[in-house]
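So the structure is just underneath, and the comments pick up after that.
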Number of protein chains: 2
Amino acid sequence: MPKLIEHAKRKEMIAKAAWKVILEQGMEGASVRNIAKEAGISLGSLRYYFASQNDLLGFARDLIYQKTAERMTRIFKLDMPPKEKIVQVLLDLMPTPGETKLEAEVRLVFKIHARHQGEVFDAEKDSVYLAIKEVMSYLVLLNLLKKDADLHLETERMYSLLDGLALDGMIRPQLLETHKLKRIIVYHLNSICMEEF
Amino acid sequence: MPKLIEHAKRKEMIAKAAWKVILEQGMEGASVRNIAKEAGISLGSLRYYFASQNDLLGFARDLIYQKTAERMTRIFKLDMPPKEKIVQVLLDLMPTPGETKLEAEVRLVFKIHARHQGEVFDAEKDSVYLAIKEVMSYLVLLNLLKKDADLHLETERMYSLLDGLALDGMIRPQLLETHKLKRIIVYHLNSICMEEF
DNA sequence: AATTAATTAATACAGTCGTATTATTATCGG
DNA sequence: CCGATAATAATACGACTGTATTAATTAATT
């Protein structure tokens, strides 16, 4: 039974190829052939790991949410000033240049795609939503949130704001170049908190 | 030269069929055949009005932004209390039950689709962005905006927030059923204004 | 070295894709 | 009525789609 150890890694490699195709061509271009070519393997090889396109896309979707969750956990553990950490977490969910760009954009495409698959999107299982809830709880813990703030509404507002920022960041490159994304996020944090960020 | 008058209306009818297909199946399902079937015409007929799929989709995209702009203008002209009017304008950009649901969702799919076409999205030509700029100017005119508010940042924040709300509204039906969408919008307005909405 | 399972490559199938061509029908101005 | 043109329908082409099948290759265990 050779190469059994590589199995999981190989599935990951294929899923990452799927991400790249989705990033560049959208879900319309995410055919099994395109993904296989991007991964540098044959069609049959891909099929060996994934019984169907649905399996592949589902795996790629779950994996990207998992990766996001892991990165969030990592940042939360960092030893840095609370306010900086909060900004860091939120910025890491945005399509800023680097790894997060791919992740944020692909997450967004998957999210819209889910709509047309009749899937019910459960925010409680969305690592982005969970990260935002943690941030909000952290703000409460630090006693930074304004007294009259509605925690639940603020959470929902932050969630939608970040989704919208990611979407706009995808489409309007100048939002990224000029650090506008960060300015808006810090501006928003200032508006819901008592102290300056 | 018969039926020339119907030409424009017929193109509109086909574009609306395209919207419906996009709404239900996403851009992946927006094939010329699916659209023709939805419109109740043959493939050849569709081709008589649109030389290519790109032409059709481009027309459908432009038309939906135009319709949105017209509706915005209509609401702005209504005789109603300023604050109510502002809420009405913003809510009309959301996927609330009714006509706006289709418009908001289809606009969003087009927006993401543009990203993968290499198109440069010009917010200044986005009727949603223009409507939001008008709302913000209106708030300034009414002297409702908080003194320390940054007009440009507030505009960008509102733009992204509405995009994100539309996206979440698409995917999480409970956001619509419970009037949460309106609550968040009014909550946001309260947070940037001096008086209560 | 032989065996066994993991892995790959190649090919095939029916269906759909965008586009194109053709013939036919419908409707107006003359 | 007649001819011009808008409008429709039908069909065809090559490319691509997801899925399936088969044979060949690779690598670890016995």
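The values are calculated or read from the model by the stated rules, or taken from the named source; none is laboratory data. Owing to the predicted nature of the structure, the values given are computational and were not obtained by experimental measurement. Note: ideal-geometry Cβ built from the backbone for every residue, glycine included; neighbour counts use all protein chains shown. For the accessible areas, the whole protein counts, side chains as well, though only heavy atoms, and no ligand, DNA or RNA atoms are used. Shrake-Rupley method; radii C 1.70, N 1.55, O 1.52, S 1.80 Å.
Results for (1) under 23 Å from A:MET27 (Cα atoms); (2) of a type outside the set (Ser, Thr, Tyr), shown as yes or no for each residue.
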| position | (1), (2) |
| --- | --- |
| A:LEU90 | no, yes |
| A:ALA104 | yes, yes |
| A:LEU108 | yes, yes |
| A:ASP122 | yes, yes |
| A:GLU134 | no, yes |
| A:SER137 | no, no |
| A:ASP163 | yes, yes |
| A:THR178 | no, no |
message: When you scan segment B:133-145, do you find a residue that is on the phi < 0 side of the Ramachandran plot, within 11 Å of another protein chain (Cβ to nearest Cβ) and either surrounded by 16 or more Cβ atoms within 10 Å (Cβ to Cβ) or touching a His at 6+ places or on another chain (Cβ under 7 Å) (or both), even just one?
response: no
message: With the structure loaded, tell me whether B:ASN190 is over 30 Å from A:GLY118 (Cα atoms) and either open to solvent by less than 60 Å² (accessible area, probe 1.4 Å) or hydrophobic (A, V, I, L, M, F, W, C) (or both) or whether it fails that test.
response: yes
- request: Quickly run through segment B:85-101 and pick out the residues that are at pLDDT 95 or above and more than 15 Å from B:LEU181 (Cα to Cα).
  value: B:LYS85
field: Spans of helices (runs of 4 or more DSSP H) in segment B:1-101 with at least 3 residues more than 11 Å from DNA strand C (Cβ to nearest atom) and exposed (fewer than 15 other Cβ atoms within 10 Å of the Cβ)
entry: B:6-25, B:53-77, B:82-91
query: Mind checking which residues of segment A:163-197 are at the interface with chain B (Cβ under 7 Å from one of its Cβ atoms) and not basic (Lys, Arg)?
result: A:ASP163, A:GLY164, A:LEU165, A:LEU167, A:ASP168, A:MET170, A:ILE171, A:ILE184, A:TYR187, A:HIS188, A:SER191
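Condition test on A:GLU124, is it in a helix (DSSP H, G or I) and surrounded by 13 or more Cβ atoms within 10 Å (Cβ to Cβ)?
Criteria not met by A:GLU124.
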